[in-house]
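Reviewing the structure listed below.
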Amino acid sequence: MKMVFRDHFKLNDLHDEIIKKVLEIAMIQVSTHYGSLPSPFSFFVMGSAGRQEQSVWSDQDHGIIYLNQGDELKSYFLALGKEISKGLYHAGYPYCDGGVMASNPYWCKSITEWQQQITKWMLESSWETIRYLLIFLDGRSVYGESEYVERLKNHIYQTANKEHLITKSLSNTLYFKKGINMLGKLLVETHGQHSGSLNIKEVGLFPYVNAVRLLSIKERKQETSTLLRLEKLSETWFPADGKEFYQQQFLKLLNYRLWFGDQTDYDSGHYLAINRLTKEQTKEVKDIIKNGTALFNNVRRLLEKEGSYGDE
Amino acid sequence: MNTIFLMNSLWVMVAAVLVILMIGGFILLETGSTRMKNAGHIAGKTILTFGIGSLVFWAVGYGLIFGKGNPFIGFSQFFYSGYDIDGLPLSGSVFFLFQLAFAGISLTIAFGGFAERAKLSTYLIFAILFSVIVYPPIAHWIWGGGWLAEHGKQDFAGSTVVHLTGAMAALAATILLKPRIGKFNKDGSANNLAGHNQVFTALSVLLLWVGWFGFNAGSTLSVDKAFFGFVAINTNLAAAAGTVAAMIISWMVLGKADVPMMLNGALAGLVAITASCAFVDTWAAVLIGFIAGILVFYSIRFFEKRKIDDPITALSVHGTAGVWGTLSTGLFATNELATVGKPGLFYGGGFHQLGVQALGVITCAAFAFIVSYILLSVMKKAMNGLRVTEEEEIIGLDMSEHGSYGYPELVKAEQKLKAQ
């Protein structure tokens with residue numbers, strides 16, 4: 001078990017195993033009350049679980065897509081969603097503050113309803129609905145018909161150009177916490193229980209995740225993990241160092257979080273104790289953050305340039 | 001009666017009113033920088049202690065400062081009754097009121113260090129003791145013809161007398177009172193007990209900024225050559241430079257233009273220029289304010305690292321900037337403007353004036369700190385503690401000391417939520 005906590009990939013496989021186990025138990029529970037499965041379905045995860053970028057602790061972000069329609073099906077799968085959330089909670093995954101869970105009718109729908117909802121999100125394209133779309137695009141099926149998620153993503157991509165999805169997504173993810181001040185020092189927390197630690201999630205990971213997600217939307221990819229997305233993207237976006245370089249940087253950062261993060265609970269897991277790092281390690285973290293910010297700014301420039309020529 | 005005498009009186013009367021209005025600035029500053037549950041208490045006690053300070057100043061404070069005595073204390077003119085004073089170019093009662101306002105400001109600054117945890121009775125008793133034993137000796141030494149005045153100490157409007165004295169009493173108080181509940185964690189890290197209203201804090205700075213024209217420009221005590229205009233320009237420039245400097249430094253170091261820090265920078269600029277406003281050129285005023293804005297940023301971090309809880313950053317704004325301001329005239333006082341003392345280091349005066357200023361700062365700071373510390377320690381023994389109980393602190397001093405909240409609906413709603 002201890003080894004698993006040192007290896008990013010094994011750890012994320014373990015998370016998947018736990019999630020599947022919880023799901024299986026929930027399915028048995030629901031079938032004893034409501035009878036057998038009324039329709040094929042997909043249970044998919046989003047957020048860091050969707051991207052396979054979970055640390056030791058992780059919260060819940062998931063949804064259900066089922067094939068057939070009807071009120072009875074709706075209540076069946078909602079009951080299943082509720083059972084899964086409860087189970088995951090007991091397994092140590094806190095509930096999602098934003099309610100992105102299969103127990104919420106918003107995230108538990110038939111495939112036709114999902115299509116309607118996504119169309120609505122695209123048309124409305126408010127800050128909130130764009131955010132939902134971005135969350136959905138990190139979705140990854142862990143059980144059942146994985147093809148449903150792919151179909152819905154393609155549904156998004158079909159109208160992406162017409163609805164200027166890239167431009168809107170860009171402005172949705174522009175804000176992130178600054179990690180390094182003008183004097184070149186890491187901007188650690190100055191107050192509270194994480195004083196002296198770096199919020200590695202917002203400062204370090206987000207620029208990579210957001211930049212690579214944008215490119216992945218641009219190229220209409222199905223992958224969800226930042227590393228895999230980088231694998232599939234074309235080289236043209238990364239002129240200087242090549243995408244392999246960014247893969248290495250991102251993986252290093254994930255490992256720093258895993259090895260030097262405060263693992264007492266979910267919230268603490270986002271904080272990197274800088275004082276436990278050697279001088280060389282601190283410098284490396286700083287460089288990774290700088291490279292992430294530079295990558296994001298470069299991607300932003302390229303996308304804005306394209307946008308201004310009206311190809312969207 | 002000649003016209004100049006009347007004009008002087010009128011101008012200083014206007015200035016006295018401006019300075020008394022600064023109490024309003026401090027009400028907004030202190031409430032804005034602290035939490036909602038203490039707002040009514042803080043606002044109310046500020047008015048109350050100004051009342052007490054006024055009565056004490058009338059009874060004995062004025063006499064101890066300006067009465068005939070020795071180089072260390074004055075001792076006549078108690079219970080001042082409004083007569084004119086020999087040798088003054090303005091009405092005695094106007095001069096008295098102007099000085100009373102200064103004593104009130106110093107007292108209000110001192111109470112900054114008590115915020116959010118001292119008992120009301122602590123305020124009442126210390127208001128009397130500070131106004132008799134702490135402030136008058138220092139004011140006498142520098143302004144009442146005492147030993148530092150003979151020495152040539154330059155403190156035009158009171159960077160030392162008013163601000164540093166108040167800040168040192170605040171330091172003694174905050175050490176003896178200990179940090180507020182929840183300010184520091186067990187591992188020594190500090191929490192940010194954010195003030196409840198940045199708009200109040202910003203308005204307070206504007207009020208104080210304008211009030212400071214009374215404070216500094218009014219300290220000319222005359223309309224002669226309209227010199228007050230020059231003093232006012234220096235005051236405004238230093239405040240402006242302090243604001244900009246604090247914003248730049250917080251942007252550079254924290255990555256964000258922190259609003260409370262920027263406001264502290266404005267105040268630090270004002271405090272620093274208070275000593276030197278009549279003695280330095282305008283460019284020096286800009287520099288003095290700018291350096292004060294940077295100093296205040298590092299000073300706040302310094303005190304927090306040492307686990308000294310300074311709720312409204314009085315130690316840094318009035319203490320650190322007060323020291324810097326007093327020393328600054330030792331550097332920048334010009335030949336023409338140094339009507340008291342000698343020109344500064346950069347104007348061919350050598351280290352003489354800087355030495356005088358340093359001596360003044362050290363003795364006044366030490367006196368204010370030690371005497372306040374002794375007084376408060378004795379009070380702590382005699383009153384069975386200076387601080388409210390933990391429970392009272394948590395429900396807020398509005399309720400524990402006065403029986404009603406400054407924001408009744410909001411605080412009650414918040415507590416209801418917490419209880420659920």
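Read-outs throughout are calculated quantities, based only on the coordinates presented, and are distinct from any laboratory measurement. Just so you know, these numbers come straight off a predicted model, no measurement behind them. Cβ placement follows ideal geometry from the backbone for every residue including glycine, while neighbour counts extend to all protein chains displayed.
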**Prompt:** Of the residues B:Y407, B:Y83, B:Y135, which exhibits the maximal mean-square fluctuation in a Gaussian network model of chain B defined by a 10 Å Cα contact cut-off?
**Reply:** B:Y83
**Prompt:** Roughly how tilted is helix A:279-308, in degrees to the nearest 10 and between 0 and 90, from the longest Cα axis of chain A?
**Reply:** 70
**Request:** Over all directions, average the projected area of the Cα convex hull of chain B and note it in nm².
**Result:** 20.4
**Message:** Are there DSSP H segments in chain B that both extend 20 Å or more along their axis (alpha-carbon positions) and score a mean Kyte-Doolittle hydropathy of at least 0.0? List them, or say none.
**Reply:** B:3-32, B:39-56, B:92-111, B:198-212, B:227-254, B:259-276, B:282-305, B:352-382
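What 222 nm value per residue comes from the helices of chain A, counting each DSSP H run with n ≥ 4 as -39,500 (n - 2.57) and dividing by all residues, nearest 500 deg cm²/dmol?
Calculated at 222 nm, the ellipticity per residue is -17500 deg cm²/dmol.
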**Prompt:** Which net charge results when you count Lys and Arg as +1 and Asp and Glu as -1 among the other residues whose beta-carbon is under 10 Å from that of B:E392?
**Reply:** -1
**Message:** Only four residue types carry charge here, +1 at the Cβ of Lys and Arg and -1 at the Cβ of Asp and Glu. Report the dipole size of region B:3-408 about the Cα centre in Debye, rounded to the nearest 20.
**Reply:** 740
**Asked** Across peptide B:247-255, what mean number of C-beta atoms from other chains lies inside 10 Å of a residue's C-beta?
**Response** 3
**Request:** Report the charge-dipole magnitude of region A:154-312 in Debye, nearest 20, computed about the Cα centre from +1 at each Lys and Arg Cβ and -1 at each Asp and Glu Cβ.
**Result:** 200
**Message:** I'd like the antiparallel share, as a percent to the nearest 5, of DSSP beta bridges with both residues in the protein assembly as shown.
**Reply:** 85
**Message:** If the elastic network links every pair of Cα atoms under 10 Å, which of B:T339, B:T49, B:T220 fluctuates the most in the Gaussian network model of chain B?
**Reply:** B:T339
**Request:** For the protein assembly as shown, give the magnitude of the charge dipole about the Cα centre (Cβ charges: +1 Lys/Arg, -1 Asp/Glu; no others), in debye to the nearest 20.
**Result:** 860
**Asked** Expressed as an acute angle from 0 to 90° and rounded to the nearest 10, what is the orientation of the C-alpha long axis of helix A:111-124 relative to the principal long axis of chain A?
**Response** 50
**Request:** Could you please report the charge total around A:S141, scoring K, R as +1 and D, E as -1 over all other residues with beta-carbon less than 13 angstrom from its beta-carbon?
**Result:** -2
**Message:** Only sites in a loop by DSSP and with at most 10 other Cβ atoms within 10 Å count here; which trypsin sites (Lys or Arg not before Pro) in region A:83-183 make the cut?
**Reply:** A:K162
**Complete:** In degrees, nearest 10, the alpha-carbon axis of helix A:242-260 is tilted away from the dominant principal axis of the alpha carbons of chain A by 80
**Prompt:** Residue farthest toward the positive end of the dipole of region A:129-260, with Cβ of Lys/Arg at +1 and Asp/Glu at -1: which of A:G242, A:S146, A:L214?
**Reply:** A:L214
**Message:** As I understand it, the dipole of the protein assembly as shown uses +1 on the Cβ of Lys and Arg and -1 on the Cβ of Asp and Glu, about the Cα centre. Which of B:G242, B:L207, A:T119 lies farthest toward its positive end?
**Reply:** B:G242
**Item:** Neighbouring partner chain Cβ atoms per residue of B:187-197, average, 10 Å criterion
**Value:** 3
**Request:** Mind sorting A:S110, A:S268 by how few other Cβ atoms lie within 10 Å of their own Cβ, fewest first?
**Result:** A:S268, A:S110
**Asked** Kirkwood hydrodynamic radius (Cα pairs, Å) of the protein assembly as shown?
**Response** 29.8
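If Rh is defined by the Kirkwood formula over all Cα pairs and Rg also comes from Cα, what ratio Rg/Rh do you get for region A:4-163? It would help to have the intermediate numbers written out before the result.
Working: Rg = 15.4 Å, Rh = 16.0 Å.
Value, to two decimals: 0.97.
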**Request:** Any chance you could check the Cα centroid distance between region B:112-165 and region B:336-351 for me, in angstrom?
**Result:** 26
**Residue (of B:L88, B:I105, B:M168) at the positive-pole extreme of chain B, dipole from beta-carbon charges** = B:M168
**Fill in**
Once Lys and Arg are counted +1 and Asp and Glu -1 for all other residues with Cβ under 14 Å from that of B:A127, the total becomes +2
**Asked** Loop-only check: which chymotrypsin sites (Phe, Trp or Tyr not before Pro) in region B:340-420 are DSSP coil with at most 13 other Cβ within 10 angstrom?
**Response** B:F351
**Asked** What percent do you get for the relative contact order of chain A when only Cα pairs under 8 Å and 6+ apart count?
**Response** 18
